[in-house]
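Worksheet: the structure to be examined is printed underneath.
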Amino acid sequence: MTKNVRVRFAPSPTGPLHIGGVRTALFNYLFAKKHQGSFILRIEDTDQTRYVEGAENYIIDALKWCKMPFDEGPGIGGDYGPYRQSERKQLYKQYADELITSGNAYYAFDTAEELDAHRKDHEANGKTFIYNWHNRLKLNNSLSLSAEDVQAKLEAGEDYVIRFKMHDPKEGSHSTISTKDIIRGHVTFKKEVLDDKVIFKSDGMPTYHLANIVDDHLMKITHVIRGEEWLPSLPMHIALYQALNWDIPEFAHLPLILKPTGKGKLSKRDGDKLGFPVFPLEWTDPKSNEISRGYKEDGYFADAVINFLAFLGWNPGTEQELFNLEELIEAFELERVNKSGARFDPDKIKWFNHHYMQEQSNDDLAQQFQKQHAYLTEIDVNYIAMVVGLVKERATFVSDFWDLSHYFFTAPTEYDAKASKKAFKEGTKAILEQVSTIIESNENFTVEELQNDIKGWITSNNIGFGQVMMPLRLALVGALQGPDVFEIMFMIGKSETLKRINNATATL
Ligand code: GLU
């Protein structure tokens, strides 16, 4: 790639960023970094009615958490700012005017009620109302009205919109717009069936379509990488570029993210129903105060989320599944993104989380664990780190640690009933008393010595291994689980070990 790659992530602040939006941001980020280009954040907030308080900050926090810093954008600026469309308001009108002057756009004065009546009328006849070439001359606009009437309406301050003339019947019914999408190959759209979309409104605001292409042009965006749901807008965007005589960026429309069943688009409801978040961070709705779960707060590591998201629609063409961010940048290619929908598998993200947990240092994990449990604040973090090292192999989340390791911190207060029945038989008490004597006389209390002493005693007395180790484990843990018994004894220390054996023989 010779040109200076510039891509943008252009969310609308209408709520929390969906996990699919994070995937779009990630693919933009990977592509930019792979080509030493720029990753730009642009906030598309032209639709003031859908603006949601806090959404922009949420988007920025989510990108930060996912380790995708943007090179230009709100808060940090850049050479092509401002990066919020609401702050660029005065920029768009001139292009709408230019399109009117060149005959590519026109004023339309149809009221909401009139349009509604047309829609209902059509519906009643089993048709859909489309505002375009076939009826525009019969509707209330500057193509059907006289120049004087239009002027009078504008001067009277009547509400209007500016519509883009999508198709000219003079071109014939076979006229098409085609272009190449990096992911989908050649795409062709029949112009005749497309509508004359609104590009500007009399409140002085452009619609998404105009603002989007004006900004992509002014910000020198080279590649537009966005979700498949924007594919239907593509012909109109191309037509706008052509009408303005601008260079057209390259396009890549990413595949939809599908429900875990593979049928239909993933929605927030699927997450609620099946118990997984569809947002990167927790979100509190500013109006209803409803809280939506986030991957971060649910205990997922950013690395796991990133690795997982990268595979939603992309694959490296090899068997390798584990990629850190640098490796993703290195391996990523838009040409390897599929066009068919990507199934969202919530178990797979857990699998990645388990992996990235093993990669983290015990010290880091210990600190996270300590923060989650008030009980641990008084305990030496080095001890916690050793515990973490013994149990993390069985954990997916830091929040799993307590269940897997509480016995390293507190003595069991009860014993698993089924396990007790299995482990405590006649003669068990006498065996444990003997074991206590051995432990008591063990001086150095290392894992190795304990093992030698106890195992040696078992073999020389011809006792079944399980007859000793099972009740011993139950006494120390309260259940038949956990890592090596000798490790547990070593960790909790001699006096605690003896106390627990004593407790068990007294209770069971
Ligand atoms: N503002 C649009 C969105 O919310 C951007 C679409 C695009 O990238 O062109 O997704």
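The values are calculated or read from the model by the stated rules, or taken from the named source; none is laboratory data. Computed from a predicted model, the values in this text were never measured in an experiment. Don't worry about glycine lacking a Cβ; one is built from the backbone with ideal geometry, like all the others, and counts go over all protein chains shown. Just the protein is used for accessible areas: all its heavy atoms, side chains included, with ligands, DNA and RNA removed. Shrake-Rupley method; radii C 1.70, N 1.55, O 1.52, S 1.80 Å.
Residue count for region 24-51 satisfying the condition of being surrounded by fewer than 19 Cβ atoms within 10 Å (Cβ to Cβ), more than 11 Å from the ligand (Cβ to nearest atom), part of a helix (DSSP H, G or I) and not β-branched (Val, Ile, Thr): 2.
For every residue, the table says whether it meets (1) assigned to a helix (DSSP H, G or I); (2) out of contact with any strand residue (DSSP E or B) (no Cβ under 9 Å at 6 or more places or on another chain).
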position	(1), (2)
Ala62	yes, no
Phe70	no, no
Asp79	no, no
Ser86	yes, no
Asp97	yes, no
Ile100	yes, no
Gly103	no, yes
Tyr107	no, no
Asp116	yes, yes
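Would you mind stating whether His174 is within 31 Å of the chain's Cα centre (by Cα), away from the ligand (no atom under 16 Å from the Cβ), open to solvent by 30 Å² or more (accessible area, probe 1.4 Å) and not aliphatic (A, V, I, L, M)? Judged against the criteria, His174 is not a match.
Criterion applied to Gly21, Gly54 was being open to solvent by 10 Å² or more (accessible area, probe 1.4 Å) and within 16 Å of the ligand (Cβ to nearest atom), and the one residue passing it is Gly21. The single condition from (1) farther than 22 Å from Phe39 by Cβ; (2) open to solvent by 30 Å² or more (accessible area, probe 1.4 Å); (3) modelled with pLDDT of 95 or more that His217 fails is (1). Do the conditions hold for Ile225, that is, is it within 12 Å of the ligand (Cβ to nearest atom), open to solvent by less than 10 Å² (accessible area, probe 1.4 Å) and within 20 Å of Glu72 (Cβ to Cβ)? So Ile225 fits the description; yes. Going through (1) open to solvent by 30 Å² or more (accessible area, probe 1.4 Å); (2) closer than 30 Å to Thr24 by Cα one by one, Val337 falls short only on (1). Count of region 242-292 residues, restricted to those that are open to solvent by 70 Å² or more (accessible area, probe 1.4 Å), of a type in the set (A, V, I, L, M, F, W, C) and part of a helix (DSSP H, G or I), is 1. Being open to solvent by less than 30 Å² (accessible area, probe 1.4 Å), in contact (Cβ under 8 Å) with a residue 24 or more places away in the chain, part of a strand (DSSP E or B) and not acidic (Asp, Glu) narrows it down to one of Val187, Val150, so name that one. Going through Val187, Val150 in turn, just one is open to solvent by less than 30 Å² (accessible area, probe 1.4 Å), in contact (Cβ under 8 Å) with a residue 24 or more places away in the chain, part of a strand (DSSP E or B) and not acidic (Asp, Glu): Val187.
Any chance region 122-142 includes a residue that's surrounded by 13 or more Cβ atoms within 10 Å (Cβ to Cβ) and in contact with a strand residue (DSSP E or B) (Cβ under 6 Å, 6 or more places away or on another chain)? Yes, region 122-142 contains at least one residue that is surrounded by 13 or more Cβ atoms within 10 Å (Cβ to Cβ) and in contact with a strand residue (DSSP E or B) (Cβ under 6 Å, 6 or more places away or on another chain). Go through region 1-18 residue by residue and tally those that are free of Cβ contacts under 8 Å to residues at least 24 places away in the same chain and either touching an Asp or Glu at 6+ places or on another chain (Cβ under 8 Å) or within 13 Å of the ligand (Cβ to nearest atom) (or both). The qualifying residues number 0.
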